[in-house]
Every structure is written in structure tokens, then in C-alpha cells.
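Report on one structure; see the data block that follows.
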Amino acid sequence: MFKVENADFIADKLAAELLPDQEFREAYKNAEEAIMRRRSAEKDPTPGRIEFDVDWAKLAETGNWFISCADDGDGMNRAEIELYTTTLAVTGANKNQSMTGNQGMGLKISGPTRHRQGVLIRSLKGKQRSMVQIGWNGKEYDLMPLGPKGQVVVSVPESHFPDFIRERGSGTVVTFLGDEPGANSVLPALRPNTWLYKYLHQRLFRVAPQEIVLMVRRPNLDLAEWPRTREAADKGRGFRLAKVEGTADVWDRAGSGPAKERHGIVDLAGDRRAGVSSARVHWWVLPPQEPGTEVARRTTGGGSLAILFQNELLDWRVGGHANPFFARLGVIFGKTRIAFVLEPLGVGVTSDFARSHVLITHQPIFESDSWPIWADQFRELMPEPMRRAIAEEQERLQDDDPDRARRIRERLRDVMQMLRPPGARRRPTEPVATEKPEPPPKGKAGAAKPKADAKDKPAGPAGAKAKPDTPPARPERPPRKAAPTGEDDALSHITPRWVTEAEADEFPIVEASGTGLRDRAAALSGVDGATATDLLLNREFRGYQLILQALNAWGNPDGDETMAAAIDGFTQEWVEQKLVEAVTGVRQLENDSTWTDAGFNAALSPEALTAAFMADRYHTLREVRRQLGPLRQPVLDSAPPA
């Protein structure tokens, strides 16, 4: 019924929706299906082999470096290779064309639209060794003439196939010739040398070793040192084939602790009444990841979340982009040590054409009604090893950067000397503190009990009248330890603690006013504003979160997790400095007349500290951007995560 007038437009339009490097996924899937067909037909239990390698035959012929995908599947004969390369939405050899199966368009759409010089396909089946090239001929996508008389399907010698294909007697080689003449598709410009190795790890959940061995050539040498033959490459160092296992296997090995505690699966029931199907969450507790570790070389690390569909990982959320999703799953602390893969189940689960999003009832998972229900169910069923890891990280963060306090003291030393007014003097009746007071007990939320004012006390015996010209006597104040006099001592007298609003309820907050730390930037925890030792900083405060969002948008557009952590640490340091300065500066005004307990409580209430935070956001943004400057450029130059 349907006719196509401009197939090239359709190809370009569909290709525009594809993710980067999609053509290599399509080549892999075609190779995987060809191997499974051959193993089934031959009842062969041995695993098949797929190699993403230099096309050594083309290198010898042209001197150019082209990447190829070779497999020892069932191959194609002359008629099949022409049919499958020129027909969109072809049914295919598997006869499984469907919305959830092979759609018969992937490599034809993603290959020549991204490699206009062409995609070269050679296939061995029986005694036929055939080759075609599909690319842009200047007017349209078409088969390119290869023979002396303009033939588009030609025969090739057996030497054009790798040894493992010749030994099997069947297979296919797909070579990507790039977008420009002589392009290096083995290591494209501005790509790291592990780009394809990492892409396949991130794309695949697991590669079953009993079915397929997947290898990728990984160059670690300068281009001038690359070997010119496969024999030299296999014998040398720095240019060998490396095995791809999939993200799940990499995370399995990286997990810390006993096997039963480092990863597992949580089954989620969904909600049948709401039309939400079941799902399962694969989870991992990982050690802290540093650049250059095995996980970093192969795939993303902790703080990552992906959707699993037909053994492929899609809809990745990493770095700062993963924060709201982890929070929904109940992970506030220790995000960089935890990784998730969500596997939706049920008949309504599909993917879009581009294989970039997993859909349920025609909606991307994270935009569907199913996601919040699954997340809430996981939060209730969170495994104990993960809860312990979160608690460990929460405790560790309290002392994460011991040098931070020293840096803040050094920057504030001159300010501390400048802010003490010459006329201020300490109450003579109060001893100077010689040691830090004991921290207040936890579990008693709310403000300290206010002291009774003079007007609330009885003036004398019942019925007595105060003389109108005699002011009421000032009430006696109990002695207390005064704040330290030295600048460094005064600063070390305060302990900043980053907490959530719920955690703040466990501390006695000065001037809580029934609100505590909710929607406030900071609060003091202790008896009163003049002596409280703990400065609680609200990591959930919307003003703080907006600063993080602005800094990540400016310096971390790709959501790199290392950069996100740096932004968080730098911002916390400058916020701490600002509020420590506010507290110590007000306390330096102490005297025995105008600055009373009530004055300190009001000046250092959660509302007043919030005003101090909001009044100096410009300085915070400027200083954090200055610190991020040297780190920002490498992130902007790097490729976005798959």
C-alpha cells in the first residue's frame, strides 16, 4: 500500500534520532544474530566470535585505518547481501521483524548516513565470497560501483577475511570507511583510545561467554607506532584485542565485600490496580572509583543508573543528572558507591526506533507513572548492604576534607582581626573558656528554653507596688563559658555539619521557631546563639541546590560525576566560610550591655543565617567558578556518556 518517494530523506530523518556510535551497536546485533542462527542450525555448542578490529586487508590495499566488525555467523550469499543492503525494513533472515525484534533498518540507516564514504560489507557463505559498498554517491544513498564494469556486487579473495572466519567457513565483515576520504575510523578525531571498547561495555549488560566472545582492538600507542599487520599487532604490546564483558560483569568484580553483599536483585511487584507491571532492580555496592581504575576504563562507575531491555543498557543517568533519580530510590549519601540497573517486565515494554529510550505504554520509563511506584517500592525493600554503605558514607562525609577548616581559618584570619571593634569588651564576670564545651545531646529537637524576661518576674512580695521612678532590677545571669578570644580558637570553636532537614530534627536548634531547618540555609545547634558549637548546613536548601544547578550547567554540562563532586565540595567550602564568618563576626560584638542572649539568638537564628547565605551568592558563584576553571575544559572537551 505504501510507496516511498524520497527514501534518502527518510534515512537522514531517522538517522538524526540515533545516538552517537549507533552504527556499531547495529553491526554487533547483526553479528550476534548471525552467530545464533549458525549455532542453532549446526547444533554447535562452541561460542561464536565477534571482533571489532582494524580492517587489515583494506590497510594493506589503501594505507588507511578503518574499523571493521567481523563475525563467524552464517554469512550471506550474493543474492542475500544485495537484498539486505538495499531494502529498508527487510524481514531478515531471523523472520522476527517486530516492534521489539529486528526492524530491518538499523545498519542501513546508521551506517551510510554517518560514513558517507561508505560501509563495505564482505560475506562468506558456502563457496561464495561477495562484497558490496553502500554509501553516498553524490546524489543519493546507493550501492557503489566496485567492479571494472560498474558492478556493485563483486567477488573477493579468501584473504580478505580473518582467519577465524575462514576456519569456520562462514561469516561477515562490515567495514566503516568514515565521513571523509581517508578518515581514521579506528580512532576518530577527539576520541579517547578506549572509545569503542567503553561504548560496547556501556551498551551491553552481559556478554554470555558460552555463546559469544566479543573482542575490540584497543590502541594505546601513538598513531606513528601502530603496527601495520595483524600478526605484529597480536604479538606486540599496546595494540592488542581486549575482551568486552558488559557493564554487569565489570561491576560484579568491582563490588566490595562478600559476593552476597556486593550485588543482588530486588523484585518489585508494581501495582496491578494502577496498571503498573512488575520490575526488578539490579544493584551494586562499589568501592570509591578513581580515574584509571578498571571500572573507569570500561564503563561508568558508581552513581549510575540505566534501563535494561533485551540485554542492552539505555537511558543512562550519570553524575549530577542521576541525583534526583537516586534520591527517589532513597540514596542521599554514598551515591558514588552505588549503581543501579532497572529492568521493567511485562508485555508493554518496548523501545523507540532509535533504541535510545525504553518505553512502557508508549512513554519513556522515567516519564511514566510506573517509575515513581517502582522507586517507592525499592526504597522500602532496600537491601541491608546498601543501607550500611549509605550510613558509612554519611559518617565519612563529616570528616571528608580535614584541610577545609584550615583553609577557611587562613582566609578569615585577617577578617577576624578587623571585625573586632576596639570598644568591645568581654563580660568581666565570665571566665575565658579553656576547652571546647561538650556537644549538646542529640534527640532533643527545638530551641533552647527562653530565659524569663524581667517584666515576667514578680516585682516583690504580693501586693507590693514598685516605685514609678525606679527601674526594675536586671535579673542575675548564670555564668557561662565565653567564646575563645584568639582568631583561630574562635573559628575552631564551630563545627560545620552538612545535614538533611530530617537529620536536623535530631539536633537542638537555637531559635527553631517550630520550623527547625526546613527551608532554611543553616542553623546553630546548642543552648544559645552565643555558645552553640555546631553549625548545621542544609544540603537540601533550595538556595544551595540552585547554586549547584547553576554551577553544573556552567562547568559540567555532560554530567561528569567527578566534576559534579568537585562542584559540590568547592561550594560547600565557600558556604561554610561565609556562615562561619557570620557567626564568629556577630560573636565578636559581645559586651556586657547591648549584646544579650536574646540579641545573639535573634542575630544567629536560622532566618538570619539564611539571609546571610542569600545575600552573598554572587561571591560564592564567583569563587567556585574560579576554582573550577582549570578543571572545566577537559570535561567540555570529552565525549558525553553513552
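The values are calculated or read from the model by the stated rules, or taken from the named source; none is laboratory data. As the structure is a computational prediction, the values presented were derived from the model and not from experiment. FYI the Cβ positions are ideal-geometry reconstructions off the backbone, even for glycines, and counts take in every protein chain you see. Heads up: the accessible areas ignore ligands, DNA and RNA and are worked out on the full protein's heavy atoms, side chains in. Shrake-Rupley method; radii C 1.70, N 1.55, O 1.52, S 1.80 Å.
Descriptive notes on the structure:
- Label point 7 Å beyond Cα of A7 along Cβ direction - residues of the stretch 65-82 with amide nitrogen under 17 Å: 79-82
- Estimated FRET transfer efficiency when R0 is 56 angstrom, pair S159-L546 (beta carbons, to 0.05): 0.35
- Amide H contacts of F309: L314, each under 5 Å away and 5 or more positions distant or on a separate chain (H built 1.01 Å from N in the peptide plane; Pro and chain starts excluded).
- In terms of accessible area, using a 1.4 Å probe and ignoring ligands and nucleic acids, T62, T361, T620 rank largest first as T361, T62, T620.
- Residues H321, H362, H160, sorted by accessible area with the largest first, give H362, H321, H160 [1.4 Å probe; ligands and nucleic acids excluded].
- Structure note, pairs K43/K198; K13/K243; K58/K149: Cα-Cα distances above 30 angstrom occur for K43/K198; K13/K243.
- Length gained when the stretch K243-N77 is fully extended (0.36 nm per residue, less Cα-Cα span): 56.8 nm
- For R114, neighbours were defined as the other residues whose beta-carbon sits under 11 Å from its Cβ, and their charges (Lys and Arg +1, Asp and Glu -1) total -4.
- Net charge over other residues, Cβ less than 14 angstrom from the Cβ of E367 (K, R count +1; D, E count -1): -1
- Computed over neighbours whose Cβ is under 12 Å from that of V152, the net charge equals 0, Lys and Arg +1, Asp and Glu -1.
- Residue by residue, the stretch 266-275 carries 3J(HN,Hα) couplings of 10, 8, 10, 6, x, 8, 4, 5, 8, x Hz when phi is fed to the Karplus relation 6.51 cos²θ - 1.76 cosθ + 1.60 (θ = phi - 60°); x denotes Gly or Pro.
- Förster-model FRET efficiency, 51 Å R0, E607 and H362, C-beta, rounded to 0.05: 0.60
- Whether the stretch 96-205 is rounded, prolate or oblate, judged on the alpha carbon gyration tensor where a/c under 1.5 counts as rounded: rounded
- Here the extension length gained between A189 and K127 equals 18.4 nm, from 0.36 nm per residue of separation less the Cα-Cα distance.
- Rounded to the nearest Hz, the phi-derived 3J(HN,Hα) couplings of the stretch 537-553 under the Karplus curve 6.51 cos²θ - 1.76 cosθ + 1.60 (θ = phi - 60°) are 10, 8, 6, 9, 4, 4, x, 5, 5, 5, 5, 4, 4, 5, 5, 5, 5, where x marks glycine and proline.
- Coupling constants for the stretch 132-146 follow from the phi torsions by the Karplus curve (6.51 cos²θ - 1.76 cosθ + 1.60, θ = phi - 60°), and in residue order they are 9, 9, 10, x, 9, 8, x, 10, 7, 7, 6, 6, 8, x, 10 Hz; glycine and proline get x.
- For D142 and R388, the FRET efficiency from 1/(1 + (r/R0)^6), where r spans their Cβ atoms and R0 equals 51 Å, is about 0.25.
- Distance (nanometres) between label positions extended 7 Å along Cα→Cβ at R396 and R166: 5.3
- Under 5 Å from the amide H of L204 lie the amide H atoms of T247, L313, each residue being 5 or more positions distant or on a separate chain, with H modelled from the backbone and absent for Pro and chain starts.
- Here the stretch 111-158 has 48 percent of its accessible surface on carbon and sulfur atoms, given a 1.4 Å probe and all protein chains in place.
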